[in-house]
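Colleague: Below: one structure in structure tokens.
The values are calculated or read from the model by the stated rules, or taken from the named source; none is laboratory data. Predicted model only: the values in this text are computed from it and were never measured. Reconstructed Cβ throughout: ideal geometry from the backbone, glycine too, with neighbour counts over all protein chains shown. Side chains are part of the model used for accessible areas, which takes the heavy atoms of the whole protein and leaves out ligands, DNA and RNA. Shrake-Rupley method; radii C 1.70, N 1.55, O 1.52, S 1.80 Å.
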Amino acid sequence: MARAARVRAGFAMQGRACARLGSPFMARLMALCAERLAPGGAVADAVLFWPGDAGIAADNPMLRLAGGLHRLVLAGADADLARVYPPHEVPDGALWSAVERALARHQGALLEALGRAPQTNEVRRAAALIPALGMVAAATGRPLALWELGCAAGLNLRADLFRLEASGRAWGPADAPPLLRPGWQGPAPAPCPLEVMERRGVDLAPFDPALPEDRLRLLSYLWPDQPERRALTEAALARAAEAPADVARGDAVEWLRAELPRRREGIATVVFHTVAWQYLPEAAREKGEALIEAAGARATRDAPLARIGMEADGRRTAGLTLTLWPGGATVALARVDFHGRSVTWTGPVALPRL
């Protein structure tokens, strides 16, 4: 029972996080699961007696279950559930009754969903990446190779093709979807044209934007009462078809070990990650840090290396940092909402030219 109590506490914690991130529906659903999910069914037992680390920063069976339920709605597989999901508004009792019926009807699909870690590929995080990439381009005077760790479908490998409007400035092609308009505080780097020569990434379980099943699964992890996130993700999926990327299935650290020695001359390689590095085991992070530092030590003006990270650091927002080699100084650039809804720029807006 102690394990079930921890999972219930995880549902409650996830609900509070969803409320902070602007999803009243998910806050309600998580709270209902915390209070009413009862053992005795295959799906409920798999969640309540989760064998691994059920924390929201670890396995997070709470969001795995939520993604599986949402997928049933998006696929048109459960009309009863669809009638209680947004945009419909129903009392808690009606919502929970439909969820309980879905747990019984769709055991196979929901157990399969519980076997997959949630991956949102949050497009709005590109609002922080785009100015940082511009700073690298301006400082190096080189075209860029974009390498993303934990890239899911690799949508943000196309960040240079997105339109960003903030702080009275604009980045990217005019009138290009997705259009990002985050809340912005503080100064902003001057827009710099981005020439991207490579788009590469790695993920333990990548999505293929060209496959309908993968697109459906990706959309299922977005929260049902946030249609703007879905619209941005669908626009980014369309962009992905226009700009191919090489996304590998594998371990990020081993991928870095193999690929960092192969960086090309005449290109600034940018290794970046958003709310992904923090999920690696501590030993893996240490190995990855050592690999990147060693590659940075070998960087030259003609083959510079940059690292951009947007990760949790114990505060309510993520920290955006940038390291550029040769040199290797790390600068804190901004605080960013975990879903990219807002950016508070606190650091420099330009780097010294290499």
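Colleague: Just name one of 196, 349, 206: the one whose Cα is farthest towards the positive end of the charge dipole of the chain (beta-carbon charges, Lys/Arg +1, Asp/Glu -1).
Modeller: It is 349, whose Cα lies furthest towards the positive end.
Colleague: Still on this model: Pop out the Kirkwood hydrodynamic radius of region 180-258 from its pairwise C-alpha distances, inverse of mean 1/r, in Å to one decimal. Before the final figure, lay out each step's value.
Modeller: Values: mean 1/r = 0.0650 Å⁻¹.
In region 180-258 this quantity evaluates to 15.4 Å.
Colleague: For q values of 0.09, 0.10, 0.21 Å⁻¹, compute log₁₀ I(q)/I(0) with the Debye formula on a Cα-only model of region 1-156, without solvent.
Modeller: These q points yield log10 I(q)/I(0) values of -0.37, -0.44, -1.41.
Colleague: Can you compute the helix-only [θ] at 222 nm over the chain? Use -39500 (n - 2.57) per DSSP H run of at least 4 residues, normalise by all residues, nearest 500 deg cm²/dmol.
Modeller: -12500 deg cm²/dmol, from helical runs alone.
Colleague: Over region 199-354, what number does the Rg to Rh ratio reach, with both radii from the alpha-carbon atoms and Rh per Kirkwood?
Modeller: Working: Rg = 17.0 Å, Rh = 17.5 Å.
Taking Rg over the Kirkwood Rh, I get 0.97.
Colleague: Modelled label-to-label distance, residue 20 and residue 278, 7 Å Cα→beta-carbon offset: nm?
Modeller: The two pseudo-label positions are separated by 0.9 nm.
Colleague: May I ask for the net charge around residue 77, where only other residues with Cβ less than 15 Å from the Cβ of residue 77 are counted and Lys, Arg are +1 while Asp, Glu are -1?
Modeller: Local net charge: +1.
Colleague: Ignoring ligands, DNA and RNA, what percent of the accessible area of region 1-49 is carbon or sulfur (1.4 Å)?
Modeller: C and S fraction of accessible area: 62 percent.
Colleague: Something else now. Tell me the angle of helix 126-140 to the major Cα principal axis of the chain, expressed in degrees between 0 and 90 and rounded to the nearest ten.
Modeller: Once rounded, one gets 10 degrees.
Colleague: To the nearest 20 debye, what charge dipole does the chain have about its Cα centre, counting +1 at the Cβ of each Lys and Arg and -1 at the Cβ of each Asp and Glu?
Modeller: Charge dipole, the chain, about its Cα centre: 520 debye, nearest 20.
Colleague: Where does the charge balance sit around residue 28 when Lys and Arg score +1, Asp and Glu -1, over other residues with C-beta under 13 Å from its C-beta?
Modeller: Computed value for this residue: -2.
Colleague: Further, regarding this structure: Expressed as a rounded percentage, what relative contact order does region 204-354 have, with Cα pairs under 8 Å and six or more residues apart?
Modeller: Contact order relative to length: 15 percent.
Colleague: Further, regarding this structure: Using the beta-carbon distance between residue 88 and residue 344 and R0 = 45 Å, what value does 1/(1 + (r/R0)^6) give for FRET efficiency, to the nearest 0.05?
Modeller: Calculated value: 0.80.
Colleague: At 0.36 nm per residue, and after removing the present C-alpha to C-alpha distance, how many nm does the segment from residue 3 to residue 251 gain when stretched out fully?
Modeller: Gain on stretching residue 3 to residue 251: 86.3 nm.
Colleague: How much accessible surface area, in Å² rounded to 10, belongs to the heavy atoms of residue 192 with a 1.4 Å probe?
Modeller: That residue has around 40 Å² of solvent-accessible surface.
Colleague: Below 8 Å between Cα atoms, with a sequence gap of 6+, how large is the relative contact order for the chain in percent?
Modeller: 17
Colleague: Carbon and sulfur: what percent of region 240-331's accessible surface (1.4 Å probe)? The partial results should precede the final answer.
Modeller: Numbers: 2230 of 4490 Å².
Whole-percent figure for carbon plus sulfur exposure: 50.
Colleague: Quickly rank 166-179, 310-323 as a protection proxy: mean count of other C-beta atoms within 10 Å, highest first.
Modeller: Those peptides, ordered most packed to least, come out 310-323, 166-179.
Colleague: As I understand it, the value is the acute angle between the Cα axis of helix 2-20 and the longest principal axis of the Cα atoms of the chain; what does it come to in degrees, rounded to 10?
Modeller: Tilt of helix 2-20: around 60 degrees.
Colleague: Hey, another quick one. Which whole-Hz couplings ³J(HN,Hα) result when phi for each residue of region 324-338 is put into the Karplus expression 6.51 cos²θ - 1.76 cosθ + 1.60, θ = phi - 60°, listed in order with x for Gly and Pro?
Modeller: 10, 10, x, x, x, 6, 9, 10, 7, 9, 7, 10, 10, 3, 4
Colleague: While we're on this one: Enter the accessible area per residue of the chain (Å², integer; probe 1.4 Å; all protein chains in place).
Modeller: For the chain, the per-residue accessible area is 42 Å².
Colleague: For 23, 342, give the ranking by accessible area with the largest first, probe 1.4 Å.
Modeller: 342, 23
Colleague: Distance between the C-alpha centers of region 298-354 and region 148-217? Whole Å please.
Modeller: 16
Colleague: Another question about this same structure. If one takes the longest principal axis of the Cα atoms in the chain, at what angle in degrees, from 0 to 90 and to the nearest 10, does the Cα axis of helix 282-297 lie?
Modeller: Result, in degrees: 20.
Colleague: Of 68, 84, 55, which is farthest on the positive side of the dipole of region 42-85, counting Cα position, with +1 on Lys and Arg Cβ, -1 on Asp and Glu Cβ, and the Cα centre as origin?
Modeller: Of 68, 84, 55, it is 84.
Colleague: Within the accessible area of region 105-148, what % is carbon and sulfur when the probe is 1.4 Å and the other protein chains stay in place?
Modeller: 50
Colleague: Let me ask something additional. Once you put a point 7 Å from the Cα of residue 262 and another 7 Å from the Cα of residue 285, both along the Cβ direction, what distance in nm separates them?
Modeller: 2.8
Colleague: Based on the alpha carbons, how large is the Rg to Rh ratio for region 1-71 when Rh follows Kirkwood?
Modeller: 0.94
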